[in-house]
Amino acid sequence: MNKNLVLLSLFMLLWSGITAQTIPSSSYQETSGEKAAREKIERKIALKKAALERGIKSRTLYFDFNNPVPIENQFFPANKVITLQLLNVNPFLYEVSINDTLITFPNQKPPLFTELFAMPTLNKVQDVQPNTMNSNAYMWAEILKFKSIPEQEADQDSLMKKFIHKYSTLEDSTKKVLSLGDLLTELDKIVVKCNLDLEESKRLAQTYILSKHINGIDESAFPVGLQSAIDNMIASNLEAATDFIKEGEQLKGNYLISANEVSAIKELIDNAVKLKEKLVKISEVNLGQRIAESYDHVFSSRINPFKTASAGYGADQLLFKIKVKKLKEVNCPKPITSFDVKANIVGGVKIDFSAGPVLNFGRNKFFDQSYRKEPFYIGNRLTDSISIEKNNNNNQAMFSMGAFLHAYTRVSGYLNAGLVVGGSLGTDQRFYTHFGGSLIIGKSDRLILSGGLSIAKSDMLSGRYDEKQLLKTAISPEIIPIEKVTRVGGFFSLTWNLNMIP
């Protein structure tokens, strides 16, 4: 049984024991919070168990646009799901797409191998289309200017003083509405601000909106109530301005009002008309709707697109190509450009070919031998016999040029060990067959160290004769008979397989 499944089963038993001990009697009623916590744990255990039973493990690579650290030297088992997750992508700054491609490093047989052995020869993620943001950065630069109104010599209950107080209230309220235009500027800045994640962006936007003390707005009203609250403020101020102007017209005809006070009332009415014109203008441009839209932009200003793929045993690398198109010129400290992420595949059996020089070595008899006939003497007297003698052969090593086939399991991307079989043609025109082991260094361009047994046919004295054998000169062969004998030695090679990734 899978060890992880055993551990999960033990954990569930322990959990059952703990819950049994903590509930002393059947009368105990589980609270809703405890029930939710228990169900959450049970769901996690069930999901983990199901994943282990399927034998599928998802491996995820992360690239954060707020902290663009290159992803390097990543290795994943073959036939496993691999996910590339991009974090904090701002669709108002960048248009991003992810494609994946399987790379198999070429392993064509070298021509020498064919001659020696006579052998025949990432889906595109939906592009994030940001909403086109018309410039919402409206700055209401015009500041209302009000002429000072001379103090009226009247008591607190005078109609004039009440009228002036009402205007001051209208003026302050209208200024507050006009200042809401600043929200557009600030929200737009948050949308394109560098190095913010979504939670930080939302918190800044909410904090700034709350600082404006919009009537009827709290955090629970975001974002639905934002537009209606601002529109209600504008409508309320328009109504107050209309009432103020109407009241001023009536007040001018009051017999208690002096001529100087009538002049002041006219001036206040004129100012109120100007305030009303500004409020009408704001209502026509749908300020509340635009602020709500900008607030929505903040909520969609950070996305986390991903791409999931898998590679079989035949692939060497899963290449994610991330295409990044800049939509706005913003001075970010680390601007993002298009980049690649390479997931190197390990596991499975890999076949490679290589070619290069080979050093063959062995005892003297591993190499070709030659023989001669020597007259045979007894003392100083020449006899009618000859002796078969071997010529001196000081060869202990011989170079050849070889080609090899390597079979190995990919344990890592840069260093792997495997088996090797191959052949080589020596400077002595002999053919050598090689068996042994290899150390493969590199990924796409591989340098390979190999060693093992070297087998070749060597020229040896025919089995009918022996070295030092005496033969009558008259019946001795004119040429010493030679035959081919299979001999075993050793070899060491340094070969390579240079490839160009398409």
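Taking loop as defined by DSSP and a crowding limit of 15 other beta carbons within 10 Å, which trypsin sites (Lys or Arg not before Pro) in the stretch 418-468 fit?
Sites meeting the loop and neighbour criteria: 464, 468.
How far apart, in nanometres, would the label points at residue 396 and residue 411 be if each is projected 7 angstrom from Cα along the Cα-to-Cβ direction?
3.3 nm
Can you list residues from other chains, or at least 5 along the same chain, whose modelled amide H is less than 5 Å from the amide H of residue 399?
360, 427
Whole-Hz Karplus ³J(HN,Hα) for the stretch 323-339, in order, using 6.51 cos²θ - 1.76 cosθ + 1.60 and θ = phi - 60°, x for Gly and Pro?
Result, ordered by residue: 9, 10, 10, 7, 9, 9, 8, 10, 7, 7, x, 10, x, 9, 10, 4, 8 Hz.
Mind scanning 193/281; 189/307; 342/443; 193/328 and naming the pairs with a C-alpha gap bigger than 21 Å?
From the list (193/281; 189/307; 342/443; 193/328), the Cα-Cα distance tops 21 Å for 193/281; 189/307.
Given H placed 1.01 Å from N in the peptide plane, which residues other than close sequence neighbours of residue 87 have an amide H under 5 Å from its amide H?
Distant-sequence amide H within range of residue 87: 63, 64, 65.
So what's Rg/Rh here for the stretch 201-323, counting alpha carbon atoms and using the Kirkwood radius for Rh?
1.40
Along each of its three principal axes, how wide is the spread of alpha-carbon positions in the stretch 437-502, in whole angstrom units, largest first?
Computed over the stretch 437-502, the largest-to-smallest principal extents equal 71, 21, 12 Å.
Protein chains only, probe 1.4 Å: how do 82, 378 rank by accessible area, largest first?
Putting 82, 378 in descending order of accessible area: 378, 82.
Karplus couplings for the stretch 421-438 from phi (6.51 cos²θ - 1.76 cosθ + 1.60, θ = phi - 60°), rounded to Hz, Gly and Pro as x?
Karplus-based 3J(HN,Hα) across the stretch 421-438 equals 9, x, x, 8, 10, x, 5, 8, 6, 8, 9, 10, 9, 10, 9, x, x, 9 Hz.
For the stretch 244-289, how big is the tail of P(r) above 14 Å, as a whole percent of Cα pairs?
For the stretch 244-289, the fraction of Cα-Cα distances above 14 Å is 56 percent.
Between residue 195 and residue 374, what is the spin-label point distance in nm, taking each point 7 Å from the Cα along the Cα→C-beta axis?
8.9 nm
The values are calculated or read from the model by the stated rules, or taken from the named source; none is laboratory data. Predicted model only: the values in this text are computed from it and were never measured. No Cβ is skipped: glycine too gets one built from the backbone with ideal geometry, and neighbour counts run over all protein chains shown. We work out accessible area using only protein heavy atoms, side chains counted, and drop any ligands, DNA or RNA first. Shrake-Rupley method; radii C 1.70, N 1.55, O 1.52, S 1.80 Å.
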